[in-house]
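Report on one structure; see the data block that follows.
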Amino acid sequence: MTTPGDSAAEIWPLWEVFVRSNRGLSHVHVGSLHAPDETLAVRNARDLYTRRSEGVSVWVVPAAAITTSDPDAKGAFFESPAGKNYRHASYYSKSEGVKHL
Amino acid sequence: MTSTITPDMSVPAAISVEEQQFNDLLEADSRIEPRDWMPEGYRKSLVRQISQHAHSEIIGMQPESNWITRAPSLKRKAILMAKVQDEAGHGLYLYSAAQTLGATRDDMTDALIAGKARYSSIFNYPTPSWADMGSIGWLVDGAAICNQVPLCRASYGPYGRAMVRICKEESFHQRQGFEILLELMQGTDEQRQMAQDSVNRWYWPALMMFGPPDDDSPNSAQSMVWKIKRHSNDELRQRFVNMLVPQAAVLGVTLPDPDLHFNEETQQWDLGVIDWTEFHEVLAGRGPNNAQRLQRRRDAHDEGQWVREAAAAYARKQSARTEEMAAS
Amino acid sequence: MNDDTANNDSAEADVHGHVAVEVTTLDAELIEGPSVATADIAEYAVWLGDDSLVLAQQLGAWISRAPELEEDVALGNVALDLIGHARSLLHYAGTATDRSEDDLAYWRTEPDFRSLHIVEQPNGDFAHTIARQFVVSHYLFELYSRLRASADPTLAAIAAKAVKEVDYHRDHSTQWVLRLAEGTDESRRRMITAMSDLWPYVEEIFRDDPLIDRLEGIAVRPSSLRPAFDSAIAPVLAEAELDIPVGFVASGGGRTGKHSEHLAFLLAEMQVLTRAHPGASW
């Protein structure tokens with residue numbers, strides 16, 4: 001499943017933009033833009049999404065290249081973690097009050 | 001005709017699991033995301049609203065870019081350029097949000113330049129004086145912010161996120177407009193006259209930006225149910241006027257409404273009667289600048305066609321070349 | 001597709017029209033030095049300042065007319081950088097005669113301007129604008145690279161900021177030269193026309209006027225930039241399969257106040273409002 005909004009009919013394809021706002025942080029999706037190719041896409045992203053020093057690094061990805069989980073199977077796809085509380089530290093209450101745990 | 005399989009119309013049709021999920025998300029004040037199931041009406045309504053909003057940003061560049069080359073100081077020139085550029089940016093954020101609903105930029109642009117899409121009527125008014133840069137910032141952007149801040153919580157995720165970004169950037173727009181007017185009001189007689197004249201021209205159209213009165217606003221009710229819109233037109237308009245009155249006093253400008261008065265009972269400013277005939281005239285395409293605005297957008301698009309094609313052709317050639325090299 | 005971090009901070013309060021203004025540390029708007037410019041240094045700063053001002057004025061006219069919205073934003077960024085350079089340079093020039101950047105921009109007439117003819121050439125179509133950007137930003141990059149070492153600290157500081165910005169302008173125009181030259185037949189034809197229309201004004205850029213002799217170690221000798229300029233543009237032109245146009249060489253004269261016919265119109269538009277209100281502040 002590709003990203004919604006991508007259309008082969010458009011003269012310039014759609015690119016999704018991810019910006020790292022500071023060192024030590026992940027790239028975060030900020031939006032999309034149009035560009036004829038990756039060289040101009042990354043420049044357009046710099047011009048559009050970092051006008052106010054919002055970023056130290058930019059990623060662009062062709063919208064058509066993104067695969068997403070199928071939302072119609074949403075229930076089934078994300079059901080498994082529910083109930084597996086032992087994956088969370090807060091599950092282990094007996095150690096409460098013990099330091100450095 | 002009788003049939004045993006005719007459904008019993010007295011029982012409401014059972015809604016689908018998807019629709020129930022959609023309703024539950026709205027109920028929980030959560031967000032709808034691009035690939036979620038959504039009612040067709042919700043999708044259409046959003047595409048209409050977001051693309052109109054985007055078009056407004058793009059057409060809205062024109063009345064101000066009109067003054068970039070004539071800005072009276074280099075600082076003002078830089079500020080104005082940055083502001084008009086922001087509007088292009090806001091248009092892009094919004095087109096990007098609409099695109100997640102399956103609308104393409106090319107289609108939206110075509111609808112705009114063919115005169116089939118709406119945009120905010122306010123941009124069909126001319127900007128004959130520099131003070132209009134002040135009034136647009138203070139009144140038009142002020143009204144827009146009033147409208148937009150609640151949209152940051154719109155139920156559709158990408159729209160809300162675009163609005164958060166836009167609202168953060170808009171605060172500079174309103175402030176710079178206020179400062180332009182303040183500077184003029186503290187200047188020469190001619191400058192004060194320029195500012196007052198401009199406020200006189202923009203005040204009523206700015207109030208009309210909130211849309212028709214609540215009892216005459218066909219799309220509002222459904223939008224509120226869907227949590228795209230969160231406050232009524234009249235409610236937002238009233239809040240805006242309440243904010244404007246003290247700001248006008250700081251500026252020293254008069255708001256051109258002789259009936260404007262403070263209502264002790266409601267603690268609000270009651271305004272005079274809005275001339276909605278003018279609003280409907282401009283909306284119907286008979287405003288001062290409708291034709292000019294569309295023509296300019298169409299010209300830019302048409303004159304840019306060869307450039308967009310060139311870049312697309314170059315990209316095709318480059319990727320063909322890359323593939324060739326990989327194959328050899 | 002998530003951006004949860006941005007979702008709720010400014011939306012939470014939901015006070016209409018009251019947008020929380022972020023507290024940010026603002027950089028200096030103008031690069032200012034401790035020194036007052038001498039008459040010669042001021043003249044040199046006016047040279048460079050006028051080039052940036054005239055070019056920014058022209059690029060500003062593109063905003064809302066660019067071939068695609070993304071390019072409106074890109075050209076806007078270039079214009080804003082150039083306005084910044086012009087303001088710092090004219091501000092510094094003004095320290096010699098106690099005039100402001102605006103006194104210099106708005107209250108000088110054409111013979112007192114010092115811009116090069118190439119920046120005065122009209123926007124034309126997108127290919128003409130790109131050709132002009134390509135030449136000028138490659139020149140400015142070489143210029144500011146050297147000017148960083150100027151014995152004048154203010155000029156050096158202005159150059160240190162400007163060089164990074166024009167480096168990006170150089171890249172922006174290069175990308176477009178390649179795409180227009182190698183895109184479609186029409187774009188190639190337009191790019192070739194634009195280059196040959198622009199080339200007569202290239203030589204003036206690298207001419208040494210007498211002022212330069214008096215500013216040894218402070219100013220950059222224009223003729224000394226030519227080899228670096230030529231070798232920087234050569235690979236781009238080769239990749240784009242463009243020949244260096246041969247033909248007219250314009251006589252120029254911008255540095256002594258002899259301008260192209262275009263400048264008067266540009267100044268008339270730029271200065272019209274300010275001059276209608278002498279003494280007013282904006």
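The values are calculated or read from the model by the stated rules, or taken from the named source; none is laboratory data. All values reported here derive from a predicted model rather than from experimental measurement. Quick reminder, even Gly has a Cβ in these numbers, built from the backbone with ideal geometry, and neighbours come from all protein chains shown. Protein only, heavy atoms only, side chains kept; ligands, DNA and RNA dropped before computing areas. Shrake-Rupley method; radii C 1.70, N 1.55, O 1.52, S 1.80 Å.
Measuring with a 1.4 angstrom probe and ignoring ligands and nucleic acids, B:Lys317 comes out at about 90 Å² accessible. Of the residues B:Thr104, B:Thr254, B:Thr188, the one that moves most in a GNM of chain B with alpha-carbon contacts below 10 Å is B:Thr188. Hydropathy first: keep DSSP H helices in chain B averaging at least 0.0 on Kyte-Doolittle, then drop any whose Cα extent along the axis falls short of 18 Å, and list what survives. Once both thresholds are applied, what remains is B:233-251.
Axis of helix A:38-49 versus longest Cα principal axis of chain A: the two differ by about 70°, to the nearest ten degrees. Distance between the modelled labels on A:Ala8 and C:Ala280, one decimal in nanometres: 5.8 nm (7 Å Cα→Cβ projection).
Note on surface exposure: C:Val36, C:Val246 rank C:Val246, C:Val36 by accessible area, highest first, 1.4 Å probe. Summarising the amide proton neighbourhood of B:Tyr156: residues at separation of 5 or more, or on other chains, whose placed amide H is nearer than 5 Å comprise B:Ile32.
Applying both filters, DSSP loop and at most 12 other Cβ atoms within 10 Å, to the chymotrypsin sites (Phe, Trp or Tyr not before Pro) of segment C:224-277 gives C:Phe248. Based on the Cβ-Cβ distance from A:Ser90 to C:Ser251, what FRET efficiency comes out when R0 is 56 Å, to the nearest 0.05? Working from the Cβ atoms, E equals 0.10.
The largest accessible area among C:Val46, A:Val28, C:Val272 belongs to the first residue in C:Val272, A:Val28, C:Val46, and the rest follow in falling order (1.4 Å probe, all chains). Ordered from largest to smallest accessible area (heavy atoms of protein chains, 1.4 Å probe), the residues C:Glu186, B:Glu33 come out as C:Glu186, B:Glu33. Distant-in-sequence amide contacts of A:Ser57, defined by a placed amide H-H separation under 5 Å and a gap of 5 or more residues or a different chain, comprise A:Arg20.
For segment A:14-87, the share of accessible area belonging to carbon and sulfur comes to 53 percent (1.4 Å probe, ligands and nucleic acids excluded). Note on A:Thr67: accessible area is roughly 110 Å² with a 1.4 Å probe, heavy atoms of protein only. Residues considered: B:Phe172, B:Phe262, B:Phe279. Largest GNM mean-square fluctuation over chain B, using C-alpha springs under 10 Å, is found at B:Phe262. The residues of segment C:60-88 occluded by other protein chains by 40 Å² or more of accessible area, set against the chain on its own, are C:Ile63, C:Ser64, C:Arg65, C:Pro67, C:Glu68, C:Leu69, C:Glu70, C:Val73, C:Asn77, C:Leu80, C:Ile83, C:Arg87; surface from heavy atoms, 1.4 Å probe.
Peptide B:297-303 is shielded by partner chain Cβ atoms: per residue, an average of 3 of them sit within 10 Å of its Cβ. Take B:Ile15: with every protein chain present and a 1.4 Å probe, its accessible area is about 80 Å².
Pairs from the list B:Lys77/B:Lys168; B:Lys116/B:Lys227; B:Lys168/B:Lys229; B:Lys83/B:Lys317 with a Cα-Cα gap above 28 Å: B:Lys83/B:Lys317.
Using the Cβ-Cβ distance between C:Glu32 and B:Glu27 with R0 set to 45 Å, the FRET efficiency works out to roughly 0.20.
On segment C:141-280, 56 percent of the accessible area sits on carbon and sulfur atoms, based on a 1.4 Å probe. For the protein assembly as shown, the solvent-accessible area with a 1.4 angstrom probe is 44 square angstrom per residue. Pick from C:Asp40, C:Asp72, C:Asp185: which is most flexible by mean-square fluctuation in a GNM of chain C where alpha carbon atoms under 10 Å apart are linked? Most flexible of the set in this elastic network: C:Asp185.
Taking GluC sites (Glu not before Pro) in DSSP loop conformation with at most 10 other Cβ atoms inside 10 Å as exposed sites, chain A has its longest uninterrupted site-free stretch at A:1-78. Which residues of segment C:253-282 show a drop of at least 30 Å² in accessible area when all protein chains are present, compared with their chain alone (probe radius 1.4 Å, heavy atoms only, ligands and nucleic acids excluded)? SASA drop of 30 Å² or more in segment C:253-282: C:Glu269, C:Leu273, C:His277, C:Ser281, C:Trp282. Please work out whether segment B:29-106 counts as rounded, prolate or oblate from its C-alpha gyration tensor, where a ≥ b ≥ c are the square roots of the eigenvalues and a/c under 1.5 means rounded, while otherwise a/b larger than b/c means prolate and anything else oblate? It is prolate, given that a/c is not under 1.5 and a/b is the larger ratio. Of the residues in segment C:139-181, those shielded by at least 20 Å² of accessible area once partner protein chains are present, compared with the chain alone at a 1.4 Å probe, are C:Tyr168, C:Asp171, C:Gln175, C:Trp176, C:Arg179, C:Leu180. Nearest 0.05, what FRET efficiency do C:Ala238 and C:Asp167 give at R0 = 22 Å with Cβ-Cβ as r? That gives a FRET efficiency of 0.60.
Each chain gives up part of its surface: A and C jointly bury about 1500 Å² of accessible area, both sides summed, for a 1.4 Å probe. The C-B contact accounts for approximately 5800 Å² of buried accessible area, totalled over both chains at a 1.4 Å probe radius.
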